[in-house]
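A.B. asks: Have a look at this one.
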Amino acid sequence: MPDSSLDGSVALVTGASRGIGAVVAARLAKAGAKVGVNYLSSRDAAAEVVDSIKRRGGEAMLLEGNVSEETAAAAVVKQVVDEWGHVNILVNNAGINRDRLLMRMTSDDWDQVLDVDLKGAFLCTRHVIPHLIRQHSGRIINISSVVGISGNPGQANYAAAKAGLIGFTKAVAREVASRNVTVNALAPGYIATGMVEQLSEDTRQRILDRIPMGKFGTPEDVAEAVLFLCSQGAGYITGQVLTIDGGMIA
Ligand SMILES: NC(=O)c1ccc[n+]([C@@H]2O[C@H](COP(=O)([O-])OP(=O)(O)OC[C@H]3O[C@@H](n4cnc5c(N)ncnc54)[C@H](O)[C@@H]3O)[C@@H](O)[C@H]2O)c1
């Protein structure tokens with residue numbers, strides 16, 4: 001049976017040229033949403049995400065832009081609304097990490113991660129939210145991390161950004177709840193994207209030993225959770241953090 005649960009919806013997924021964002025974009029499109037595929041510099045990869053959605057009969061648009069810059073974030077949202085008339089789903093997925101023990105962490109390492117992972121979500125949300133409020137409906141999903149809940153050595157900047165994203169989620173959820181707009185966060189554990197695939201066999205095994213389910217998650221696991229939070233059935237869920245980590249921090 002074709003999945004048409006998001007027919008008529010318009011979604012913007014940031015950082016969707018690869019990894020989790022690319023799979024989320026494809027999943028939302030498969031459910032019938034028109035999808036804005038934002039990317040920073042990897043145009044060919046992002047174009048392939050758009051083409052692959054179109055080959056499967058979906059609608060998608062390529063949106064270049066650095067989410068941590070206000071003018072770019074505003075322009076990305078504007079392009080979506082100009083083209084498709086409205087926007088009702090925002091997935092703040094763009095993220096980077098600059099891992100280093102705190103003693104060696106530079107202000108640049110700190111600023112870059114906070115700028116993309118936290119300020120980027122703020123800016124995109126800030127520019128999408130007037131549309132959602134006006135429509136009296138909408139979904140915002142922020143891709144945080146279990147690291148924002150548990151912490152992790154070598155990731156003070158990333159953990160601070162991802163924990164900040166959880167506070168941001170809860171505050172904005174309260175601001176817009178009366179307008180029928182939900183705001184939730186997902187906290188993935190170790191998801192098998194490029195980053196995890198590059199780890200040494202030793203490190204991979206050490207990580208797997210800490211995961212009760214004994215396996216890495218997949219981008220599809222995250223995409224299905226995004227789809228659920230976008231569904232009608234999740235309409236009374238807001239301000240929540242859903243971990244997707246095989247039981248790691250349960
Ligand atoms: N992979 C994991 O195990 C894992 C676990 C927990 C959370 N996450 C989070 O999930 C999200 C996606 O992770 P991933 O593993 O797919 O990462 P990835 O590095 O494969 O993809 C990140 C995407 O963000 C884009 N991006 C980076 N900076 C940007 C900017 N300034 N503006 C616009 N786009 C930008 C990149 O181009 C890329 O498309 C990130 O927020 C990450 O922190 C990932």
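The values are calculated or read from the model by the stated rules, or taken from the named source; none is laboratory data. Owing to the predicted nature of the structure, the values given are computational and were not obtained by experimental measurement. Cβ placement follows ideal geometry from the backbone for every residue including glycine, while neighbour counts extend to all protein chains displayed. Ligands, DNA and RNA are excluded from the accessible area calculation, which covers all protein heavy atoms including side chains. Shrake-Rupley method; radii C 1.70, N 1.55, O 1.52, S 1.80 Å.
A.B. asks: Spin-label point model (7 Å from Cα, Cβ direction): what's the GLU69 to GLN240 distance in nm?
C.D. replies: Those two pseudo-labels are separated by 3.8 nm.
A.B. asks: Here's another thing I want to ask about it. Apply the Kirkwood formula to the range 10-243: the hydrodynamic radius equals the inverse of the mean of 1/r over all pairs of different alpha-carbon atoms; give it in Å with one decimal.
C.D. replies: Averaging 1/r across every pair of different Cα atoms and inverting gives 17.8 Å.
A.B. asks: Moving on. Sort 69-80, 15-26, 183-194, 226-237 by the packing proxy (mean of other Cβ within 10 Å over each peptide's residues), most packed first.
C.D. replies: 15-26, 183-194, 69-80, 226-237
A.B. asks: Using a 1.4 angstrom probe on heavy atoms only, work out the carbon and sulfur share of the accessible area of the chain in %.
C.D. replies: Exposed carbon and sulfur together represent 51 percent of the surface.
A.B. asks: Mind putting a number on the dipole of the chain about its Cα centre? Charges go on the C-beta only, +1 for Lys and Arg and -1 for Asp and Glu, and I need it in Debye to the nearest 20.
C.D. replies: 500
A.B. asks: Give the aspartates and glutamates whose C-alpha is closer than 19 Å to that of LYS34, dropping any in the same chain fewer than 8 places away, or say none.
C.D. replies: List returned: ASP3, ASP7, GLU48, ASP51, GLU59, GLU64, ASP82, GLU83, GLU220, GLU224.
A.B. asks: Starting from the Kirkwood Rh over alpha-carbon pairs, what translational D in µm² s⁻¹ does the range 186-247 have by Stokes-Einstein at 4 °C and 1.567 mPa s?
C.D. replies: 101
A.B. asks: Strictly over 25 Å apart at the Cα level, which of LYS78/LYS119; LYS30/LYS78; LYS30/LYS162 would you flag in this model?
C.D. replies: Checking Cα-Cα distances, LYS30/LYS162 exceed 25 Å.
A.B. asks: Putting +1 on Lys and Arg Cβ atoms and -1 on Asp and Glu Cβ atoms, find which of GLN205, ALA33, GLY154 reaches farthest to the positive end of the dipole of the range 10-243.
C.D. replies: Projecting each Cα onto the dipole axis, the largest value belongs to ALA33.
A.B. asks: Could you estimate the translational diffusion coefficient of the range 100-232 from the Stokes-Einstein equation, with Rh from the Kirkwood formula over C-alpha pairs, at 4 °C and 1.567 mPa s, in whole µm²/s?
C.D. replies: My calculation gives 79 µm²/s for D.
A.B. asks: Order THR203, THR125, most accessible first, counting only protein heavy atoms with a 1.4 angstrom probe.
C.D. replies: Descending order: THR203, THR125.
A.B. asks: Here is a follow-up. At q = 0.15, 0.17 Å⁻¹, what log₁₀ I(q)/I(0) does the range 154-210 have when each alpha carbon counts as one equal point scatterer in the Debye sum?
C.D. replies: -0.63, -0.72
A.B. asks: Another question, if that's okay. Using label points projected 7 Å from each Cα along Cα→Cβ, tell me how many nm separate GLU224 and THR106, to one decimal.
C.D. replies: Output for this residue pair reads 4.2 nm.
A.B. asks: Please give the calculated 222 nm ellipticity per residue for the chain, where each DSSP H segment of at least 4 residues contributes -39500 (n - 2.57) and the sum is spread over every residue; nearest 500 deg cm²/dmol?
C.D. replies: Value at 222 nm, helices only: -14000 deg cm²/dmol.
A.B. asks: Can you list residues whose amide H is under 5 Å from TYR190's amide H, if they're 5+ apart or on another chain and H is modeled 1.01 Å from N?
C.D. replies: For TYR190, the qualifying residues are GLY217.
A.B. asks: Quick check for you: with a 1.4 Å probe and neighbouring chains kept, what is the accessible area per residue of the chain, in Å²?
C.D. replies: About 49 Å² of surface per residue is accessible.
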